[in-house]
Amino acid sequence: MTDSDLQHGHHWDRVKDLTGWDLTEKIDGCRAYWDGTRFWTRSGNIICAPPRITSCLPATPMDGEMHGCRYGFVRASTAVRHGTADDADRKWDGIIFTPFASLPVTVCRSNAHALDFMREVQQDGGEGLMARKPGLVWCAGRTVDLLKLK
């Protein structure tokens with residue numbers, strides 16, 4: 001598993017019409033790919049997540065984010081890079097895995113709606129939004145049908 005095996009978006013140019021696209025909050029954490037048995041970083045390293053995180057996951061591959069909720073990037077990064085698979089490892093305190101497919105979706109009504117929603121998320125401490133074209137089929141690499149709003 002490497003970065004090229006994951007799906008990535010482009011930055012939104014604030015011109016492309018996003019009406020009808022799915023908007024989700026862009027989580028500020030560390031990308032994590034669950035292969036059904038273990039986690040991988042985007043650079044191909046194994047993440048030693050503890051059983052309290054891994055034991056509740058299905059044997060189905062999932063792409064998502066390890067994070068410590070808003071303002072938790074540094075804690076998540078420390079856990080991903082230096083944490084052990086021991087449930088007692090304090091580096092994992094407050095860190096969760098959120099699959100991208102489980103994020104709440106808001107259908108974009110207009111570009112103005114997308115910008116207002118993005119500002120609202122950022123004012124509450126979030127990083128921004130992701131916009132996904134309806135019907136997007138997962139494929140590795142960059143796609144213009146997945147856009148970052150920051």
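The values are calculated or read from the model by the stated rules, or taken from the named source; none is laboratory data. Computed from a prediction, not measured in an experiment: that's the story for all the values here. No Cβ is skipped: glycine too gets one built from the backbone with ideal geometry, and neighbour counts run over all protein chains shown.
Do the conditions hold for Asp17, that is, is it among the acidic types (Asp, Glu), in the same structural domain as Asp116 (by TED's automatic domain parsing) and more than 16 Å from the chain's Cα centre (by Cα)? Show your work before the answer.
Numbers: among the acidic types (Asp, Glu): yes; in the same structural domain as Asp116 (by TED's automatic domain parsing): yes; more than 16 Å from the chain's Cα centre (by Cα): yes.
Here the answer is yes, as Asp17 does meet what is asked.
For the range 106-139, give me each residue that is part of a loop (DSSP other than H, G, I, E, B) and surrounded by fewer than 14 Cβ atoms within 10 Å (Cβ to Cβ). Spell out how you get there, then give the answer.
First, pick out the residues of the range 106-139 that are part of a loop (DSSP other than H, G, I, E, B): 108-110, 124-127, 133-139.
Scanning the range 106-139 gives Ser110, Asp124, Gly125, Pro134, Gly135, Val137, Trp138, Cys139.
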| said: Can you find a residue that is of a type in the set (Gly, Ala, Ser), closer than 19 Å to Asp89 by Cα and buried (at least 18 other Cβ atoms within 10 Å of the Cβ) anywhere in the range 31-46? | reply: yes
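Any chance you could count how many residues in the range 55-71 are over 13 Å from the mean Cα position of the chain (by Cα) and of a type outside the set (Ser, Thr, Tyr)?
Start the filter on the range 55-71 by keeping residues that are over 13 Å from the mean Cα position of the chain (by Cα), which leaves 55-61, 71.
Still in the running and of a type outside the set (Ser, Thr, Tyr): 56-59, 61.
Total satisfying the criteria: 5.
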| Checking Arg75 against (1) closer than 20 Å to Arg142 by Cα; (2) at pLDDT below 95; (3) surrounded by 19 or more Cβ atoms within 10 Å (Cβ to Cβ), which single condition isn't satisfied? | (1)
